[in-house]
Amino acid sequence: MLVVNRFRVPAAEDPDLLRADLERVHGLLLDKPGYVAGWVGRNVDEPDLWVLTTRWVNVGAYRRALSSYELKLHGVPVLMRAIDEPGAYEVVEPNTVLNVAEARVT
């Protein structure tokens, strides 16, 4: 599973503050079970656009990571600033069966 969270730095905000926040959140996530890899990045053409991308063994591992105390305290306030768009993707690899789009029971 691939998670993409994009952020736009407001004109009045110092981009180094967002960078530090994203690096801190990434640091909290990388210690969680099921974490595979992740990066903080900045857009080449629009430097006010940033991304936190992480890869997980499955959606459950990502959701459990977000429910940890540390992430609720330090991560969620940062992640809430992400651009409001879908951010969870399945990784498409050769010969894999893709997820079926259907209603989920929560």
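The values are calculated or read from the model by the stated rules, or taken from the named source; none is laboratory data. All values reported here derive from a predicted model rather than from experimental measurement. Neighbour counts run over all protein chains shown; Cβ positions are idealised from the backbone, glycine included. Remember, those area values only see protein heavy atoms, side chains included, never the ligands or the DNA or RNA. Shrake-Rupley method; radii C 1.70, N 1.55, O 1.52, S 1.80 Å.
The table that follows gives values for the structure above.
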| quantity | calculated |
| --- | --- |
| Tally of residues being without any contact (Cβ under 8 Å) to a residue 40 or more places away in the chain and surrounded by fewer than 15 Cβ atoms within 10 Å (Cβ to Cβ) across region 29-48 | 12 |
| Subset of region 69-83 (residues that are closer than 18 Å to TRP50 by Cβ and more than 12 Å from the chain's Cα centre (by Cα)) | HIS74, PRO77 |
| Residue among VAL9, VAL92, VAL25, VAL51 that is β-branched (Val, Ile, Thr), at negative phi and open to solvent by 80 Å² or more (accessible area, probe 1.4 Å) | VAL92 |
| Residue check for THR53: of a type in the set (Ser, Thr, Tyr), out of contact with any helix residue (DSSP H, G or I) (no Cβ under 8 Å at 6 or more places or on another chain) and more than 13 Å from VAL3 (Cα to Cα) | no |
| LEU28 vs. criteria under 30 Å from THR96 (Cβ atoms) and touching an Asp or Glu at 6+ places or on another chain (Cβ under 8 Å) | yes |
| In region 79-106, the residues that are in contact with a Phe, Trp or Tyr (Cβ under 8 Å, 6 or more places away or on another chain) and in a loop (DSSP other than H, G, I, E, B) | ARG81, ALA82, ILE83 |
| In region 67-89, the residues that are among the hydroxyl-bearing types (Ser, Thr, Tyr) and surrounded by 12 or more Cβ atoms within 10 Å (Cβ to Cβ) | SER68, TYR89 |
